[in-house]
Amino acid sequence: MYIEFELKMPLKLDELDVKILKALYEDGRKSYREIAKIIGVSAPTVEARLKRIMNAGLIAKIAPIFNIEKLDKAINMLVLLKVEESKLVNVALELAKLPEVKSVFIITGESNLLIRIAASSQNKIQKLIYEKIALMNGVVITSTQLVIKNFKDEQGVVIEPEVGIRLTCDYCGKLIEGEPLILKLQDGERFLCCKTCLSAYKEKYGTRLKF
């Protein structure tokens, strides 16, 4: 089976992409038709653009954003950690696996890791901190701060025209440097880093691909 492909520069957002993403960010429940009406394009255009952006990996998932002040049992705590440099990435990955840990940031300064923990009680948070996190090899807890009121909590992303999306190869998983190979399929696009991965992708998935 022969699969057509084309060379393009790495994917960049344009003004239409930004309008669609901002409309979706304001309310993830909006349908293609509702977004199309807001920004003045057709629903199929919105669907095609969002599929392309999702295939590129920019949108990891669409999930509800909860108002934690509406919950009578919702405790959030910020914890600063000092981790040995050689163990920093491994510790960050281990912390990310804990369901109570909602955010993990490697930061600059003497304390080089910041996490946000959420649980139904302060006792549960303290138990997690001192019975799991503090016992991790190479970890020192430098401070803890209880979040008492939340005025704003948004993702630290910038959505503007010409912002580029880092693409990873849909076969080998490596970051694509330079121009990607793009497969045009019925359910969207696939991004490949080289002709070797293109050939391997064709061989592995060829019988299941629809054009």
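The values are calculated or read from the model by the stated rules, or taken from the named source; none is laboratory data. This one's a predicted model, so the numbers in the text were calculated from it and none came from an experiment. Every residue, glycine among them, receives a Cβ derived from its backbone with ideal geometry; neighbour counts consider all protein chains shown.
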Can you run down the residue pairs with Cβ atoms below 7 Å, 6 or more apart or on separate chains, where the first is in segment 22-33 and of a type outside the set (S, T, N, Q) and the partner is surrounded by fewer than 17 Cβ atoms within 10 Å (Cβ to Cβ) and assigned to a loop (DSSP other than H, G, I, E, B)? LYS22/ILE159; GLY28/ILE62
In segment 158-211, which residues are over 12 Å from ASN55 (Cα atoms), β-branched (Val, Ile, Thr) and modelled with pLDDT of 85 or more? ILE176, THR196
Look at LYS70 and say whether it is among the basic types (Lys, Arg) and under 30 Å from GLU110 (Cβ atoms). no
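Identify all residues within segment 72-99 that are closer than 15 Å to VAL147 by Cα and surrounded by 11 or more Cβ atoms within 10 Å (Cβ to Cβ); write none if there are none.
Listed by number, the residues that qualify are ALA74, ILE75, ASN76, MET77, LEU78, VAL79, LEU80.
Yes/no per residue for (1) within 30 Å of TYR171 (Cα to Cα); (2) assigned to a helix (DSSP H, G or I); (3) acidic (Asp, Glu):
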site: LYS37; (1), (2), (3): no, yes, no
site: THR45; (1), (2), (3): yes, yes, no
site: MET54; (1), (2), (3): yes, yes, no
site: PHE66; (1), (2), (3): no, no, no
site: LYS87; (1), (2), (3): yes, yes, no
site: ALA92; (1), (2), (3): yes, yes, no
site: VAL104; (1), (2), (3): yes, no, no
What pairs come out if I take residues in segment 105-116 that are within 17 Å of LEU146 (Cα to Cα) and pair them with residues that are not in a strand (DSSP E or B) and not acidic (Asp, Glu) whose C-beta lies under 7 Å away, six or more apart or interchain? LEU113/LEU88; LEU113/VAL91; LEU113/ALA92; LEU113/ILE107; LEU114/ILE107; ILE115/LEU95
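This table checks each residue for (1) among the aliphatic types (A, V, I, L, M); (2) in contact with a Cys (Cβ under 9 Å, 6 or more places away or on another chain); (3) over 30 Å from VAL91 (Cα atoms).
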residue	(1), (2), (3)
ALA119	yes, no, no
VAL147	yes, no, no
LEU175	yes, yes, no
PHE191	no, yes, yes
ALA200	yes, yes, yes
TYR205	no, no, yes
So in segment 111-157, with the set limited to residues that are loosely packed, with under 11 Cβ neighbours inside 10 Å and at pLDDT below 90, which one is nearest to LEU80 (Cα to Cα)? ILE148
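Here is a yes/no grid of residues against (1) under 25 Å from the mean Cα position of the chain (by Cα); (2) within 30 Å of ALA200 (Cβ to Cβ):
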| position | (1), (2) |
| --- | --- |
| ARG116 | yes, no |
| VAL140 | no, no |
| ILE148 | no, no |
| PHE151 | yes, no |
| VAL163 | yes, no |
| GLU177 | yes, yes |
| LEU183 | yes, yes |
